[in-house]
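The values are calculated or read from the model by the stated rules, or taken from the named source; none is laboratory data. Predicted, not measured: the structure shown is a model, and the values here were computed from it. Because the Cβ atoms are built from the backbone with ideal geometry, glycine has one as well, and the counts that use them run over all protein chains shown. Please note that ligands, DNA and RNA were not included when accessible areas were found on the heavy atoms of the full protein model with its side chains. Shrake-Rupley method; radii C 1.70, N 1.55, O 1.52, S 1.80 Å.
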Amino acid sequence: MTRTSLVALRGAALGAGLAACAAIAPAQRIASALAKRGDTSDFATRAVRYRLVQEQLETSYITVLGGGGNIEKLFFEADVAPHFSAGWSRWALVVTSKIVLRMRNDSTHSAPIRTPSYMPRIAVYWWGPFRGGDDHGEFVSFTISHHSNGQAGPFFFANTTIPNTFDGSFSTNFVELAYHRVFKLGDDRGVGWARLGLRMHVPIDEDPELRSGSGENQYGRYRLLLSTLSRRLLPLVPRIPFVLQFDYFYILDGRFQGHRFLSADRLGVSGTLNLAFRTEALLGAFVNGYVGQDYYNIWYKQRLKVVRVGVSVQSVTSFHSPP
């Protein structure tokens with residue numbers, strides 16, 4: 001194992017550990033309680049709306065190996081995504097420092113972590129124009145995000161048009177506008193979320209190869225997004241909630257890697273079942289299936305079909321909450 005790999009592994013382990021520790025205290029202030037039986041929270045109140053924003057934020061995770069499918073051989077994939085949030089009467093701000101790492105199990109026997117994905121973002125949530133009610137709430141969000149791999153090598157391998165997955169530079173930025181709706185799932189059945197959004201990658205600090213005129217190497221500048229999430233209690237074990245989440249995206253570019261506009265190769269689908277060990281910390285085990293464009297920076301031309309299992313935790317630190 002190389003020194004760089006050791007440093008990256010220690011960083012990933014430390015980040016995951018900090019995420020787990022940070023989740024326990026603030027998670028008691030978010031909406032896990034909304035899935036408990038007999039809850040009568042009014043979704044129209046500012047404090048509950050803020051907790052609902054926090055509750056739907058993505059979890060951090062680490063997989064057991066790489067999983068089954070066409071993904072490369074891995075010791076693990078880790079997504080470290082701690083969230084730092086603040087809320088006021090009509091809006092909330094969330095800053096997320098996200099890093100995705102893959103530790104490879106390849107022929108070098110050094111367990112390298114090559115081209116990690118650095119994906120920090122800032123999101124503003126606004127529920128001002130929506131009244132909400134005792135059984136539903138609505139808000140919109142605007143996100144600015146960066147995605148790069150920290151490399152400076154040529155984008156393609158020498159004398160080819162194949163992306164350089166060893167040390168090729170990958171950098172892009174996007175903005176995203178989304179509408180969110182949250183609602184109770186009937187009497188004592190938990191809480192559900194739905195999100196519809198549009199993402200646009202902007203030509204600022206971006207590798208020009210990602211928007212080539214021929215479209216053969218385009219990353220996918222315009223994307224339609226749809227997500228659904230439900231949090232419920234297990235019928236036979238009422239103290240253990242489970243989360244079922246589905247995420248979809250469709251690439252809307254006129255030209256995209258030679259695919260027709262109506263093509264399954266433009267579609268990405270992810271389904272995740274997460275069982276929480278502790279309601280307060282949202283620490284759990286998950287199984288995930290994913291089909292679609294590889295989300296790991298310069299590997300984007302690969303189409304993944306993978307099923308994996310692992311451990312997840314949600315980390316949300318709140319600096320200010322609405323009354």
Two pseudo-spin positions, 7 Å from Cα along C-beta at LEU236 and at LEU224, lie apart in nanometres by 4.0
Spelling it out for GLU216: with amide H atoms placed in the peptide plane at 1.01 Å from N, the residues 5 or more places away or on another chain with amide H under 5 Å from its amide H are GLN257
Those trypsin sites (Lys or Arg not before Pro) from the stretch 58-101 that are DSSP loop and have at most 11 other Cβ neighbours within 10 Å turn out to be LYS73
Residue-ordered couplings for the stretch 80-85, obtained by feeding phi - 60° into the Karplus form 6.51 cos²θ - 1.76 cosθ + 1.60 and rounding to whole Hz (Gly and Pro as x), are 9, 9, x, 10, 10, 10
Expressed in nanometres to one decimal, the distance between label points 7 Å along Cα→Cβ at PHE261 and ARG90 is 3.8
Counting sequence-distant residues (5 or more places) and residues on other chains, those with an amide H built under 5 Å from that of SER318 are SER85
In Å², rounded to a whole number, the accessible area per residue of the stretch 61-165 with probe 1.4 Å is 46
Karplus-derived 3J(HN,Hα) from phi for the stretch 61-67 (6.51 cos²θ - 1.76 cosθ + 1.60, θ = phi - 60°), whole Hz, x at Gly and Pro, runs 7, 9, 8, 8, 6, x, x
A 1.4 Å probe over the protein heavy atoms gives the stretch 88-243 a carbon and sulfur accessible-area percentage of 61
In order over the stretch 308-321: 3J(HN,Hα) from phi, Karplus 6.51/-1.76/1.60, θ = phi - 60°, whole Hz, x for each Gly or Pro, gives 8, 10, x, 10, 10, 7, 9, 10, 10, 10, 9, 9, 7, 10
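Residues with beta-carbon under 10 Å from that of GLY68, excluding GLY68: net charge, scoring Lys, Arg +1 and Asp, Glu -1?
Numbers: positive: LYS305, ARG308; negative: none.
Net charge in that neighbourhood comes out at +2.
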Heavy-atom accessible area of THR161, protein chains in place, probe 1.4 angstrom, given in Å² to nearest 10, is 100
For the stretch 209-276, the per residue accessible area (1.4 Å probe, Å²) is 52
